[in-house]
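Trainee: Handing you a structure now.
The values are calculated or read from the model by the stated rules, or taken from the named source; none is laboratory data. Source: prediction; values computed, not measured. Ideal geometry is used to build each Cβ from the backbone, glycine not excepted, and the neighbour counts take in all protein chains shown. Accessible surface areas use protein heavy atoms only, side chains included; no ligands, DNA or RNA. Shrake-Rupley method; radii C 1.70, N 1.55, O 1.52, S 1.80 Å.
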Amino acid sequence: MNIFAQIKQVDRFQKVNYYTVHFEHKPVSEFEDFIQKHENNLDVNDEFSDIISWLEKIGNEIGANKNYFRHEKKADALPPPSKFIEIDYTENLRLYCMRVSDSIVILFNGGIKTKGVSSAQSCPMVSTFFDSANKLVQSIYSLITERAITISKDGFELLHIEGTDIII
């Protein structure tokens, strides 16, 4: 069964334009769902605040350099790898995304990775988000390759996203 989604703009910062994906069968976008699930969760309050701070820092100050993202198969994730942050969380909140370029990032969903589990795909808490993000990345890259979705000349926007369905 095919699942249909569309890309929607979330926010535009000085250096990065953020987008998300909205599945047709869900009431809110993937990034909105991530926010709703975690912004008031006291177990991951620090991690959630740090991810939001990283989105702002990447968006306004440093751009979406690939080094600031965890590479999770085809998808990426935040927070950045430990070499960029000096914190010891009690939990392991992950936000999956697609870094299209240094100026364009598509935000998906995420969850709390179980401590002691070596990989996201084997984690019962985030494997669904990991799998979905990787399928979305593959579908979106296909749309970009086929030029159904294009990148603006200045490299800052995704064009032709209105009415273009992502099928996974």
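Trainee: Hey, can you tell me all the residues within the range 2-52 that are open to solvent by less than 50 Å² (accessible area, probe 1.4 Å), assigned to a helix (DSSP H, G or I) and hydrophobic (A, V, I, L, M, F, W, C)?
Mentor: Selection gives Phe31, Phe34, Ile35, Val44, Phe48, Ile51, Ile52.
Trainee: Next question. Among the candidates Asp131, Asp154, which residue alone is of a type in the set (Asp, Glu) and under 24 Å from Arg12 (Cα atoms)?
Mentor: Result: Asp154 is the single residue among Asp131, Asp154 that is of a type in the set (Asp, Glu) and under 24 Å from Arg12 (Cα atoms).
Trainee: Same structure, new question: Take the conditions at pLDDT below 95, closer than 24 Å to Glu32 by Cβ and under 17 Å from the mean Cα position of the chain (by Cα) and apply them to Val105. Does it pass?
Mentor: The answer is no for Val105.
Trainee: Quick one: count up the residues across the range 141-168 that are buried (at least 16 other Cβ atoms within 10 Å of the Cβ) and either without any contact (Cβ under 8 Å) to a residue 24 or more places away in the chain or touching a His at 6+ places or on another chain (Cβ under 9 Å) (or both).
Mentor: Qualifying residue count for the region: 2.
Trainee: Taking Pro81 and the conditions (1) at pLDDT 90 or above; (2) touching a strand residue (DSSP E or B) at 6+ places or on another chain (Cβ under 6 Å), which numbered condition does it fall short on, given that it satisfies the others?
Mentor: Single failed check for Pro81: (1).
Trainee: Residues of the range 97-140 being among the acidic types (Asp, Glu) and either in contact with an Asp or Glu (Cβ under 6 Å, 6 or more places away or on another chain) or free of Cβ contacts under 8 Å to residues at least 12 places away in the same chain (or both), which ones?
Mentor: Asp131
Trainee: All but one of (1) in contact (Cβ under 8 Å) with a residue 24 or more places away in the chain; (2) farther than 29 Å from Asp165 by Cα hold for Arg94; state the number of the condition that does not hold.
Mentor: Only one criterion is unmet by Arg94, namely (2).
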